[in-house]
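One structure below.
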Amino acid sequence: MIEDKQGGEANTSTQPQGREAQGRSHADSRQIRKARRRNHAWVSRVFLIVHLICVLLPLGVIVAWSFTASWPWPDLLPQQLSSRGLVELFLSRQGLGPVLAQSIAIALASALLATIIAACAARALAFHDFFGKELFRFATVLPFLIPSTVFAMGIQVLFIRAGLANTAVGVVIAHTIVALPYAIAIMSEVTVAAGQRLEQQARVLGASSLRTCLHVQIPQLLPGILSAASMVYIISFSQYFLTLLIGGGAVKTLATVMFPFLTSGDRTIASAYGLVFLLSTLMVFFLFEMLLKRFASREVSYFEG
Amino acid sequence: MEMKVQEITVSLGRRVKRTILDSVSFDVKEGEFLSLLGASGAGKSTLLKVIAGITVQDSGSIIFDGQAIDHLAPHRRNIGFVFQDTRLFPNMNVEENVAFPCKMAGMSRKERMERAHTLLECVQLDGFGNRQVTSLSGGQQQRVALARALAAQPRVLLLDEPFSGLDEDLRDDMRSLLLRLHRDFGTTTIMVTHDAVEALEMSDRIVYISLGCVEQDGTPMELYAQPQTKEIAACFGDCSTLEGSVSDGVFLASSLQLAAEGMADGPAEAVVRYQAVSLREAGVDVGHHATRRPLLIRCSVYRGDTHLARVDVEGQTLTVPAEQSFIPGMAVDVVVDDQGYFIYPM
């Protein structure tokens, strides 16, 4: 203590120098911070470049391939351009529109169904005690452990009996089951993080459970809900084998139409489908993002307020 | 509104049932400000949640104006609840938060916005209606929570340690604001607190709860002047607790003796308030003092307005406020005021 006091006095008696020293130390710290930032900038630039190489380059190749007839090794650029991809997409008999619409509809329906189920399951796991809870928790990740091909074989028989085979509804249900573990994992996290604090508050202020859900819980959980929905959407949208088996060829999605071209090595058409696949997914995700901005425009925080 | 809490018992826990509240009963009069005082973990908050309907009791009954409300869901009980952590809805602005209970009660938009406006004025936050709740300071958030709890004219206002998350200087302002609101609105209020001085300052009546049981139910003066248990006597702070024994109506700890009339012989504890004790230099005869032999000063600490001398009572500490600091090892006699100590059997 005493030493501190002396130090303080010394400072006041030599104020001009003290101030200079202060100024100097400010400049120093600014330089240090700048230097650090420069280091960070260097690291992030490397990451950006790696990212571009890993993601955008293959994408570029797909875009190029969808307009290319042949691109033999070791040529750097495609040799012959082709409109075969465009013709297949827009002028073929089966038509892109209905297939794309059906794919999106199935994926959206799966996303809706799975997210609702996941939200309920996550809530049960987070806040309720019941007999066999740990078994139930384990059961929610079971579809993770069983390969979807095995699962598809098993469920097909059941679906045929139930009359769900070869129908879009059956495909939606199958997709939902496969994607559920992911949705439950996401929803569990956000449900636990959100807790029951605001829900209790709403209830004691006169809100019924339905209105609490509408006015408080859904807005609070919206970021998680949309993450889960996006996850299920993309899983459903890219599902091939399951769709083929349950849909029995009657239910056509973009993935099932695209797959034969991939396996037969028709890169032009496969790439063209890939492009549609990518763009439509991006579009739907963009819509989700808009939804989030619209309905959770105000800052949502789990840990404050 | 008149309210009765009747023999509320609550046990929580899945495998091992733990009794949180054990047959708690008390009455609350119309317009009364009642504090539930007790150490943390005593079950005060649980009791508040039972009244609100968030926690369901194992047995017992909550009665509003002569009618049991145990079967009513929380949202049908018409109560206002302020939690310690404010719990404002982050997806609504200040105004919408305050208007929320009115919206749930079915008020029209115009009406409830007017109501929100009035209440924000009452808590000195007019002009804050359009602000985001995250942009407010802790004290402002708590005031919004208070306004929201009062918005739908609740039958009873429940407050769960409403000020313990705030800075000390803010707490005083909030206390007077709450008392003013209580005066203006006349809402029957139950506040949970572990701050005994806060309870003294604010309440018409205090119910002291310890380990799930009511230990004393009385006015602030009664609790302060006639605490029923050692815990209550000690909860107001600034006191020393000494272990000793009673024989022939006298409590004895080392050479310190205190009158304990009407108490059975046996081991006992004394709670001695700081301000009831003073020190005399040993050997200076001032007549009546409580020590048979002089005691030794262990140390002395500075506390701003006073010094606190720690007197050694056979390994136990008796703290005494003093005008000057004492040298460790000094021998002193102790004088104890009759009103400022309480003796309880152990």
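The values are calculated or read from the model by the stated rules, or taken from the named source; none is laboratory data. Nothing here was measured: the structure is a model prediction, and the numbers come from that model. Here the Cβ positions follow ideal geometry from the backbone for every residue, glycine too, while neighbour counts run over all protein chains shown.
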Only listed residue being more than 26 Å from residue A:173 (Cβ to Cβ), touching a helix residue (DSSP H, G or I) at 6+ places or on another chain (Cβ under 6 Å) and basic (Lys, Arg), chosen from A:267, A:211:
A:267
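Looking at the structure I just gave you, is residue B:193 out of contact with any helix residue (DSSP H, G or I) (no Cβ under 9 Å at 6 or more places or on another chain) and either surrounded by fewer than 17 Cβ atoms within 10 Å (Cβ to Cβ) or within 30 Å of residue B:29 (Cβ to Cβ) (or both)?
On the way: out of contact with any helix residue (DSSP H, G or I) (no Cβ under 9 Å at 6 or more places or on another chain): no; either surrounded by fewer than 17 Cβ atoms within 10 Å (Cβ to Cβ) or within 30 Å of residue B:29 (Cβ to Cβ) (or both): yes.
No, not satisfied.
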Is at least one residue of the range A:258-275 hydroxyl-bearing (Ser, Thr, Tyr) and over 23 Å from residue A:63 (Cβ atoms)?
no
For the structure I just gave you, tell me whether residue A:149 is assigned to a helix (DSSP H, G or I), polar (S, T, N, Q), in the same structural domain as residue A:246 (by TED's automatic domain parsing) and surrounded by fewer than 19 Cβ atoms within 10 Å (Cβ to Cβ).
yes
Just for helices (runs of 4 or more DSSP H) wholly inside the range A:179-243: which have at least 3 residues that are without any contact (Cβ under 8 Å) to a residue 40 or more places away in the chain and in contact with a strand residue (DSSP E or B) (Cβ under 7 Å, 6 or more places away or on another chain)?
none
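Here is a check on your reading of the model: is residue B:24 assigned by TED's automatic domain parsing to the domain that holds residue B:143, β-branched (Val, Ile, Thr) and over 20 Å from the mean Cα position of the chain (by Cα)?
Details: assigned by TED's automatic domain parsing to the domain that holds residue B:143: yes; β-branched (Val, Ile, Thr): yes; over 20 Å from the mean Cα position of the chain (by Cα): no.
No, not satisfied.
Would you list the helices (runs of 4 or more DSSP H) that sit entirely within the range A:55-129 and hold 1 or more residues that are loosely packed, with under 13 Cβ neighbours inside 10 Å and in the same structural domain as residue A:189 (by TED's automatic domain parsing)? Walk me through it before giving the result.
Working: elements: A:57-65, A:84-91, A:96-127.
Ranges flagged: A:84-91, A:96-127.
Considering each residue of the range A:207-218, count those that are of a type in the set (S, T, N, Q) and more than 9 Å from chain B (Cβ to nearest Cβ), and give that number. Write out each step before concluding.
To start, the set of residues in the range A:207-218 that are of a type in the set (S, T, N, Q) comprises A:208-209, A:212, A:217.
This time we only want the ones that are more than 9 Å from chain B (Cβ to nearest Cβ), so: A:217.
Residues that pass the stated criteria total 1.
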Which listed residue, of B:63, B:54, is more than 10 Å from every other protein chain (Cβ to nearest Cβ) and surrounded by fewer than 21 Cβ atoms within 10 Å (Cβ to Cβ)
B:63
Output yes when any residue across the range B:152-164 is within 14 Å of chain A (Cβ to nearest Cβ), part of a helix (DSSP H, G or I) and either touching a Leu at 6+ places or on another chain (Cβ under 6 Å) or more than 19 Å from residue A:203 (Cβ to Cβ) (or both), and no when none is.
no
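Under the condition of being at the interface with another protein chain (Cβ under 7 Å from one of its Cβ atoms) and crowded, with 24+ Cβ neighbours inside 10 Å, which residue from the range A:185-206 is nearest to residue B:48 (Cα to Cα)? Walk me through how you get there before you give the answer.
Pass one, the range A:185-206, residues at the interface with another protein chain (Cβ under 7 Å from one of its Cβ atoms): A:197-198, A:200-201, A:203-206.
Imposing the further condition that a residue be crowded, with 24+ Cβ neighbours inside 10 Å reduces the set to A:201, A:203-206.
Details: A:201: 13, A:203: 14, A:204: 11, A:205: 14, A:206: 16 Å.
Looking at residues that are at the interface with another protein chain (Cβ under 7 Å from one of its Cβ atoms) and crowded, with 24+ Cβ neighbours inside 10 Å, I get A:204.
Taking into account only those residues within the range B:28-40 that are within 13 Å of the chain's Cα centre (by Cα) and either at pLDDT below 90 or in a loop (DSSP other than H, G, I, E, B) (or both), which is surrounded by the fewest Cβ atoms within 10 Å (Cβ to Cβ)? Steps first, answer last, please.
Let us first name the residues in the range B:28-40 that are within 13 Å of the chain's Cα centre (by Cα), namely B:33-40.
Still in the list and also either at pLDDT below 90 or in a loop (DSSP other than H, G, I, E, B) (or both): B:38-40.
Values: B:38: 29, B:39: 13, B:40: 9.
Looking at the filtered set, the residue picked out is B:40.
Return yes when residue A:278 is surrounded by fewer than 20 Cβ atoms within 10 Å (Cβ to Cβ), modelled with pLDDT of 90 or more and in the same structural domain as residue A:113 (by TED's automatic domain parsing) and no when it is not. Lay out the reasoning, then the answer.
Working: surrounded by fewer than 20 Cβ atoms within 10 Å (Cβ to Cβ): yes; modelled with pLDDT of 90 or more: no; in the same structural domain as residue A:113 (by TED's automatic domain parsing): yes.
Against the criterion (surrounded by fewer than 20 Cβ atoms within 10 Å (Cβ to Cβ), modelled with pLDDT of 90 or more and in the same structural domain as residue A:113 (by TED's automatic domain parsing)), residue A:278 does not qualify.
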Got a number for residues in the range B:66-98 being closer than 30 Å to residue B:132 by Cβ and more than 10 Å from chain A (Cβ to nearest Cβ)?
4
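Run down B:201, B:168 and say which single residue is within 11 Å of the chain's Cα centre (by Cα), assigned by TED's automatic domain parsing to the domain that holds residue B:25 and more than 28 Å from residue B:9 (Cα to Cα). Break it down into steps so the answer makes sense when it comes.
On the way: B:168 fails: within 11 Å of the chain's Cα centre (by Cα).
Of the residues listed, the single one that is within 11 Å of the chain's Cα centre (by Cα), assigned by TED's automatic domain parsing to the domain that holds residue B:25 and more than 28 Å from residue B:9 (Cα to Cα) is B:201.
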Could you list, in sequence order, all residues of the range B:99-125 that are in contact (Cβ under 8 Å) with a residue 40 or more places away in the chain, more than 7 Å from chain A (Cβ to nearest Cβ) and not in a loop (DSSP other than H, G, I, E, B)?
B:99, B:102, B:122
Say whether the condition of being within 14 Å of chain A (Cβ to nearest Cβ), in contact (Cβ under 8 Å) with a residue 40 or more places away in the chain and in a loop (DSSP other than H, G, I, E, B) is met by at least one residue in the range B:126-140.
yes
Do the conditions hold for residue B:177, that is, is it out of contact with any Gly (no Cβ under 7 Å at 6 or more places or on another chain) and either touching a residue at least 12 places away in the same chain (Cβ under 8 Å) or over 16 Å from residue B:35 (Cβ atoms) (or both)?
yes
